[in-house]
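A short reminder: the numbers here are calculations on the coordinates, not readings from a lab. The shown structure was predicted, so the numbers you read here are calculated from the model rather than taken from an experiment. For neighbour counting, all protein chains shown are included, and Cβ atoms are generated from backbone atoms with ideal geometry for every residue, glycine included.
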Amino acid sequence: MTLSRLTFVFACLFFLTSCKSQITLPKNLDEAVLYFQQKWTKEELDKFKNKSEKEAVTELHLGTGQWIRNSWVYDNRDTDLTNYFRSLGVFHPDDISSIILTSLHRTLNKKDIELNKQVEHYQDYWKAISDCEEKQKADALLNYNKFRIGDSISIYMPVDTSDGSHNAVLYDCPSTEWNFDAAKDLLVKGTITKKYFINDTANAFFTVHITYINRKDTPILMTEVKTGDEKDFSLSGLTIK
């Protein structure tokens with residue numbers, strides 16, 4: 001091989017290596033993982049690698065994970081990358097950043113990233129939420145049609161005491177199952193004075209004139225409520241009789 005050809009080959013190799021090291025907007029998962037392998041110091045990589053996968057990814061969710069979402073995902077800043085994940089059926093920014101960090105951790109530990117299983121995990125998660133929300137909408141519409149203005153109603157709500165105070169809440173999908181505990185949960189009784197929808201039948205509401213509350217120390221969704229008040233209640237996820 002002549003000197004000029006050798007020079008050309010080395011120049012090409014240098015160009016390819018240089019381009020690879022200058023990734024700023026990765027086009028796919030492999031390039032996203034490579035970005036951090038190239039940008040982080042050995043100490044940073046080793047620190048991340050030597051933690052358990054769950055601990056490593058969770059710790060960086062609001063740090064590096066937020067940077068990924070802000071720099072690449074939100075507002076389609078990296079169109080190629082977001083389109084890549086959409087083609088896999090992954091749409092939520094948190095899911096994208098978690099898959100990247102999980103795959104980085106597995107790559108550093110020489111493990112199979114099991115991309116298909118990661119994608120299935122998030123798809124199953126969102127399907128459970130979607131199914132739950134559809135059921136809540138159907139139940140809300142059923143209750144809306146079941147009750148009339150002037151009817152008496154009993155409303156049951158779980159009470160959150162995790163921060164040391166009391167607050168009646170509604171559990172988010174998909175974990176909405178609970179059993180009423182008269183010793184701590186809230187029971188509100190009253191009369192329906194108004195029925196209405198906001199935007200469409202998915203948003204059904206009752207306005208209730210409150211005649212009884214079993215716990216006077218418990219606000220509803222952080223709002224103080226007392227006997228004699230008129231209170232609007234969204235029927236989505238609400239347990240009523």
Angle in degrees between helix 79-88 and the longest Cα principal axis of the chain, rounded to the nearest 10
70
Enter the angle in degrees (range 0 to 90, nearest 10) between the Cα long axis of helix 29-39 and the first principal axis of the Cα atoms of the chain, meaning the one along which they spread out most.
70
With springs connecting C-alpha atoms under 10 Å apart, model the chain as a Gaussian network and identify which of Thr223, Thr102, Thr191 has the largest mean-square fluctuation.
Thr223
When DSSP assigns beta bridges and you keep just the ones with both residues in the chain, what percent turn out antiparallel, to the nearest 5?
95
Size of electric dipole in the chain: Cβ of Lys, Arg +1 and of Asp, Glu -1, about Cα centre, debye, nearest 20
280
At q = 0.09 1/Å the base-10 log of I(q)/I(0) from the Debye formula over the alpha-carbon atoms of the chain is -0.62
In nm, to one decimal, how far is the Asp94 label point from the Leu187 one, both placed 7 Å along Cα→Cβ?
3.5
Calculate, in whole percent, how much of the Cα-Cα pair population of segment 98-147 lies beyond 14 Å.
65
From phi via Karplus (6.51, -1.76, 1.60), per-residue ³J(HN,Hα) for segment 60-74 in Hz, x at Gly/Pro:
9, 4, 9, x, 4, x, 5, 4, 4, 5, 6, 8, 10, 9, 4
Among the listed pairs Lys51/Lys135; Lys111/Lys135; Lys135/Lys184; Lys39/Lys127; Lys117/Lys241; Lys39/Lys111, which have their C-alpha atoms separated by more than 30 angstrom in this model?
Lys51/Lys135; Lys111/Lys135; Lys39/Lys127; Lys117/Lys241
Rounded to 5, percent antiparallel among DSSP beta bridges of segment 110-241:
95
For segment 39-148, what number results from the quotient of the Cα radius of gyration and 2.2 N^0.38 Å?
1.39
Tell me, how many Å apart are the Cα centres for segment 224-241 and for segment 48-83?
39
Amide H partners (placed H, <5 Å) of Thr239, local residues excluded:
Tyr156
Tell me the mean residue ellipticity at 222 nm calculated for the chain from its helices only (DSSP H runs of n ≥ 4, each -39500 (n - 2.57), averaged over every residue, nearest 500).
-14500 deg cm²/dmol
Give me the tail of P(r) for segment 187-241 as a percent: Cα-Cα pairs with distance above 14 Å.
55
For helix 115-146, what angle does its Cα long axis make with the longest principal axis of the chain, in degrees from 0 to 90 and rounded to 10?
20
Extension reserve of the Asn214-Lys47 stretch, reckoned as 0.36 nm per residue once the Cα distance is removed
54.9 nm
Once amide H atoms are placed 1.01 Å from N in the peptide plane, what residues at a sequence separation of 5 or more from Asn167, or on another chain, have their amide H within under 5 Å of its amide H?
Asp160
Explain nothing, just the number: relative contact order of the chain, from Cα pairs under 8 Å at least 6 residues apart, as a whole percent.
15
Going by how many other Cβ atoms sit within 10 Å of their own, how do Tyr125, Tyr212 line up, fewest first?
Tyr212, Tyr125
Length added when fully stretched, Ala138-Gln66, from 0.36 nm per residue minus Cα-Cα
22.4 nm
When the Kirkwood hydrodynamic radius is evaluated over all pairs of different C-alpha atoms of segment 98-195, what value in angstrom, to one decimal, is obtained?
17.4
